[in-house]
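Encoded as structure tokens, the structure appears first; notes follow it.
The values are calculated or read from the model by the stated rules, or taken from the named source; none is laboratory data. Owing to the predicted nature of the structure, the values given are computational and were not obtained by experimental measurement. With ideal geometry, Cβ positions are generated from the backbone for all residues, glycine too; neighbour counts draw on all protein chains shown. Accessible surface areas use protein heavy atoms only, side chains included; no ligands, DNA or RNA. Shrake-Rupley method; radii C 1.70, N 1.55, O 1.52, S 1.80 Å.
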Amino acid sequence: MSITQRPPIPSFVPESAPFSPEQRTWLDGLFAGMISLDESVTALSDEQAAKLMPGMLAGGAPAEQDDGAPWHDPAMPLPDRMKLADGKPLSRRLMAAMAQQDCGQCGYNCKDYADALFVKKEERLNLCVPGGKDTARMLKNLYAETGVTALAVNANPAKTDAPVSAPGRSRDNPVLATFLSRYRLNKKGSEKETWHTEFDLSECGLDYVVGDSFGIYPANDPALVDAIIAALGAPPDFPIGGRTLRAVLTDGVSLSPAPDMLFQFISYLTGGDRKKKAKALADGHDPDGDAATLDVLAALHKFPGIRPDPEAFIEALDVLQPRVYSISSSLKLNPGRVSLTVDAVRYDVKERTRLGVASTFLGGRIEPGDKIRVYVQKAQHFALPADPNKPIIMIGPGTGLAPFRAFLQERQAIQAPGPNWLYFGHQRSDFDFFYEDELKEMRTSGLLTRLTLVWSRDGKEKIYVQNRMRDDGRDLWDWLSRGAHVYVCGDALRMAKDVERALIDVVAEHGKRSPEDAARYVADLKKNDRYQADVY
Ligand SMILES: Cc1cc2nc3c(=O)[nH]c(=O)nc-3n(C[C@H](O)[C@H](O)[C@H](O)COP(=O)(O)OP(=O)(O)OC[C@H]3O[C@@H](n4cnc5c(N)ncnc54)[C@H](O)[C@@H]3O)c2cc1C
Ligand SMILES: NC(=O)c1ccc[n+]([C@@H]2O[C@H](COP(=O)([O-])OP(=O)(O)OC[C@H]3O[C@@H](n4cnc5c(N)ncnc54)[C@H](OP(=O)(O)O)[C@@H]3O)[C@@H](O)[C@H]2O)c1
């Protein structure tokens, strides 16, 4: 048996850098791992090392030992998050640039995505769907700031060194599922357009547990694809990598928003003021005050007549990302099937209606019998309590109801004796009472111990789930005292924060605690997985 001799780890950290021997060994090991992926870097300068690990230069502990991440708040704007991370090691600043939703759409949680980028296990900078262009741009800047060429990244390559998962278990290894049906959950007159959609999993054999999410690879709207082809002045069947321009525009690239690379590319094809403008947009400036509204088509219309090479144009676009949706069914009641509850995103910018790519794909363009690429995204810390006797309180306004329908189906199927309390809220009782018959039936059967409905636009004043939680404070505290698990799902930006605030207030008032102790009580609930969130 031959033993492979490992070469000694070379020293990348300059002798003059003020590290202890342990720190030097740790850093050398880290950089050796990173640099083995790219031969173009041989050593780091003092300055580069300082930029990568400022905490270490100050004599601090390695980043891995620092668990505090005060920026880990999805409601905090990006500049504030970056300010909090200022002066921290690069891996921490990379994390602060993420949208902080731990939504898993990138295939990681926020910290793990940042760490994977840092050690170069992952090279795609554009995976944070909720962070969008701002996050991608900040990640690029953070790399540029280090000056370490080994870390230079292209926004597009689908390159990752992550191990390939089992089929259908990650975004990198999807399987085919058959779309079965959809029906609209709002009645005529609603301002919302929300769809119950169903897929057949029997052919692909995929399974899931309640709390998991379902990832789907969407296709762009054909009318938008046609408009882009017309603006390019290119033949739709122009060959690109064995496919046609139309096919690549349909399911290969994101058509919204226009990435910096596209403006960079346009700047090469233009001159004078137009060039300056395109360059400014590529650099993140907003010369005409319209940058936030520029999707790919609007960018082409802003710089008419550029006639780019179609292949180079496609190269300048971002890859189309999958989207994930909370699963709203239990396999135990629906063998071989999965359902989703999808709010179709449509909004107008000037004379054109913009479409959320995946939600309108599910809510309109996909037809029964169509097969699409899907995967199950395992929930991290979003699951029913192992003990079926535990009471649960579920707070899910709007599409936030989705995973709780699944929880209730599951508890029905296993005949869990634990009490179930659901808060559902939406705009109007007449139009937006999703799954009304089912929920009423669950209430009648006793499966739903309490059903609290909150209609924000039925009365003169807005009222939200958190208002009713405050009204119900005494009973909520009683349920908490009996060991209830609390769940919240839906809008991350405001609702989830407001609900948490309400819960803290309830604990303070009815648990007779100071505001600080009440906040600690809720923090402990979180630590013990008794307060779980699935927000987006
Ligand atoms: C864990 C998880 C679970 C989720 N579960 C669900 C679920 O159960 N149901 C559900 O419906 N969604 C759910 N989502 C959200 C879902 O993944 C998508 O983000 C959502 O459907 C929008 O995707 P899209 O492709 O249709 O829109 P995109 O093409 O991504 O467009 C959305 C973007 O359009 C812009 N936009 C939207 N509205 C406006 C406006 N009025 N004005 C200007 N700009 C606007 C915003 O920039 C927004 O980010 C979940 C997300 C996560 C992370
Ligand atoms: N970009 C935005 O501004 C925005 C806002 C909300 C949701 N979203 C996103 O839109 C998608 C789908 O939304 P949805 O269909 O699930 O419904 P939704 O738009 O989140 O609305 C569901 C219910 O929640 C209410 N609500 C609004 N703000 C709230 C708050 N701070 N606290 C508690 N409740 C609040 C709404 O009331 P009113 O509508 O009457 O205020 C409505 O009754 C999600 O992805 C969500 O994140 C985006």
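Tabulated values for the structure
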quantity: Residues being within 16 Å of ligand 1 (Cβ to nearest atom) and open to solvent by 60 Å² or more (accessible area, probe 1.4 Å) - total across the range 505-536; calculated: 1
quantity: Scope the range 418-435; condition free of Cβ contacts under 8 Å to residues at least 60 places away in the same chain and in a loop (DSSP other than H, G, I, E, B); matching residues; calculated: GLY418, SER429, PHE433
quantity: The lone exception for ASP251 - which of (1) within 22 Å of the chain's Cα centre (by Cα); (2) among the acidic types (Asp, Glu); (3) open to solvent by less than 40 Å² (accessible area, probe 1.4 Å) it fails; calculated: (3)
quantity: Residue match in the range 344-367 (condition: open to solvent by 10 Å² or more (accessible area, probe 1.4 Å), among the basic types (Lys, Arg) and touching a strand residue (DSSP E or B) at 6+ places or on another chain (Cβ under 8 Å)); calculated: yes
quantity: From the options ALA258, ALA231, ALA247, residue that is within 16 Å of ligand 1 (Cβ to nearest atom) and not in a strand (DSSP E or B); calculated: ALA258
quantity: Selection count where residues are charged (D, E, K, R) and within 12 Å of ligand 1 (Cβ to nearest atom), scope the range 359-399; calculated: 2
quantity: Subset of the range 345-382 (residues that are modelled with pLDDT of 95 or more, aliphatic (A, V, I, L, M) and under 25 Å from TYR487 (Cβ atoms)); calculated: VAL345, ALA358, LEU362, VAL374, VAL376
quantity: Long-range neighbours under 7 Å by Cβ, at least six apart or interchain, first residue within 17 Å of THR452 (Cβ to Cβ) and charged (D, E, K, R) within the range 396-416, second near ligand 2 (Cβ under 9 Å from one of its atoms) and open to solvent by 30 Å² or more (accessible area, probe 1.4 Å); calculated: none
quantity: Verdict on LEU384 being within 16 Å of ligand 2 (Cβ to nearest atom) and touching a residue at least 24 places away in the same chain (Cβ under 8 Å); calculated: no
quantity: Count of the range 451-470 residues which are in a loop (DSSP other than H, G, I, E, B), of a type in the set (Ser, Thr, Tyr) and more than 10 Å from ligand 2 (Cβ to nearest atom); calculated: 0
quantity: Pairs with Cβ under 9 Å, 6+ apart, first in the range 231-246 and within 19 Å of ILE306 (Cα to Cα), second among the polar types (S, T, N, Q) and not in a loop (DSSP other than H, G, I, E, B); calculated: PRO235/THR244; PRO236/THR244; PHE238/THR244
quantity: Residue identified as more than 22 Å from LEU185 (Cα to Cα) and open to solvent by 10 Å² or more (accessible area, probe 1.4 Å) among SER445, SER456; calculated: SER445
quantity: Restricting the range 299-339 to residues that are small (Gly, Ala, Ser) and within 30 Å of LYS187 (Cα to Cα), the residue that is farthest from ligand 2 (Cβ to nearest atom); calculated: GLY336
quantity: The one condition in (1) open to solvent by 40 Å² or more (accessible area, probe 1.4 Å); (2) part of a helix (DSSP H, G or I); (3) free of Cβ contacts under 8 Å to residues at least 24 places away in the same chain that PRO70 fails to fulfil; calculated: (2)
quantity: Qualifying residue in the range 360-378 (condition: part of a strand (DSSP E or B) and more than 26 Å from ARG169 (Cβ to Cβ)); calculated: no
quantity: In the range 97-129, the residues that are of a type in the set (A, V, I, L, M, F, W, C) and within 13 Å of ligand 1 (Cβ to nearest atom); calculated: MET98, ALA99, CYS103, CYS106, CYS110, LEU127, CYS128, VAL129
quantity: Among the residues listed as VAL349, VAL296, VAL342, the single one being touching a Ser or Thr at 6+ places or on another chain (Cβ under 9 Å) and more than 16 Å from ligand 2 (Cβ to nearest atom); calculated: VAL296
quantity: Filter result for ALA177 (hydrophobic (A, V, I, L, M, F, W, C) and in a loop (DSSP other than H, G, I, E, B)); calculated: no
quantity: Residue list for the range 478-504, restricted to those being surrounded by fewer than 19 Cβ atoms within 10 Å (Cβ to Cβ), on the phi < 0 side of the Ramachandran plot and more than 29 Å from the chain's Cα centre (by Cα); calculated: ASP478, SER481, ARG482
quantity: Filtered residue count, the range 287-323, keeping only those that are assigned to a loop (DSSP other than H, G, I, E, B) and among the hydroxyl-bearing types (Ser, Thr, Tyr); calculated: 0
quantity: Boolean, LEU422 is open to solvent by less than 10 Å² (accessible area, probe 1.4 Å) and within 20 Å of LYS192 (Cβ to Cβ); calculated: yes
quantity: Hey, ARG470 over 29 Å from VAL342 (Cβ atoms), touching a residue at least 24 places away in the same chain (Cβ under 8 Å) and open to solvent by 20 Å² or more (accessible area, probe 1.4 Å) or not; calculated: yes
quantity: Filter result (part of a loop (DSSP other than H, G, I, E, B) and within 12 Å of ligand 1 (Cβ to nearest atom)) within the range 328-349; calculated: SER328, SER329, ALA344, VAL345
quantity: Residues satisfying the stated conditions in the range 200-227, i.e. more than 15 Å from ligand 1 (Cβ to nearest atom) and either open to solvent by less than 50 Å² (accessible area, probe 1.4 Å) or assigned to a loop (DSSP other than H, G, I, E, B) (or both); calculated: ASP200, LEU201, SER202, GLU203, CYS204, GLY205, LEU206, ASP207, ALA227
quantity: Qualifying residue in the range 436-450 (condition: in contact (Cβ under 8 Å) with a residue 12 or more places away in the chain and either assigned to a strand (DSSP E or B) or within 12 Å of ligand 1 (Cβ to nearest atom) (or both)); calculated: yes
